[in-house]
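Participant: Take this structure first; my questions come after.
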């Protein structure tokens, strides 16, 4: 007769803090309040997210509290259009004008940035993609809405 061991094996789990865990990589899409219809670029955003296996962060800047609710609605609509079983979508609105400064605050290792082809920034209205590429060490995708610049 075999005797069964009645003691359970001890399971040890290492306790990792949030800083020890590798963050999920994201496609950070910079959305300005002046951009056209949210549905026009949502398919491009979803295609990039799928091809790179990234989650999506729809990120925007606002200086006016009055426009923030309209901007939030726009991002929520885009998020709903992008919704997919394999891609999670978040929205974030920060107050300010400086895209580079705000993106640097949220940028994580492995993140990719995307902006619209006709977005301008700064006093001299430089193309946002050029400013981002010269100031960030991350890939920058340009989303085209089909309109001439």
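Readers should treat all values here as calculations from the given coordinates under stated rules, not as data from a laboratory. Every value quoted in this text rests on a predicted model; they were computed, and no experiment measured them. Here Cβ is always computed from backbone atoms with ideal geometry, including for glycine, and neighbour counts include all displayed protein chains.
Participant: Quick one: check the C-alpha center-to-center distance for region 45-71 versus region 74-149, whole angstrom.
Facilitator: The distance from the Cα centre of region 45-71 to that of region 74-149 comes to 7 Å.
Participant: Ok, one more. Find, to one decimal place in angstroms, the Kirkwood hydrodynamic radius of region 26-143, where the mean of 1/r is taken over every pair of different Cα atoms and then inverted. The partial results should precede the final answer.
Facilitator: On the way: mean 1/r = 0.0701 Å⁻¹.
It works out to 14.3 Å.
Participant: For each of 124, 59, count neighbouring Cβ atoms within 10 Å of the residue's Cβ, then give the residues from fewest to most. Could the numbers behind the result be given before it?
Facilitator: Details: 124 7, 59 23.
In order of increasing Cβ crowding within 10 Å: 124, 59.
Participant: If I take every Cα pair under 8 Å that is 6 or more residues apart in region 40-108, average their sequence separation and divide by the length, what percent do I get for the relative contact order?
Facilitator: On the way: 65 pairs, mean separation 28.8, N = 69.
Once normalised by length, the contact order is 42 percent.
Participant: Still on this structure: May I ask you to sort 137, 144, 32 by Cβ crowding, counting other Cβ atoms within 10 Å and putting the fewest first? Intermediate values should be presented prior to the final figure.
Facilitator: Values: 137 6, 144 12, 32 17.
Starting with the residue having the fewest Cβ neighbours, the order is 137, 144, 32.
Participant: Going by C-beta contacts inside 10 Å, put 100, 29 in order with the fewest on the left.
Facilitator: On the way: 100 16, 29 28.
In increasing order of surrounding Cβ atoms, one gets 100, 29.
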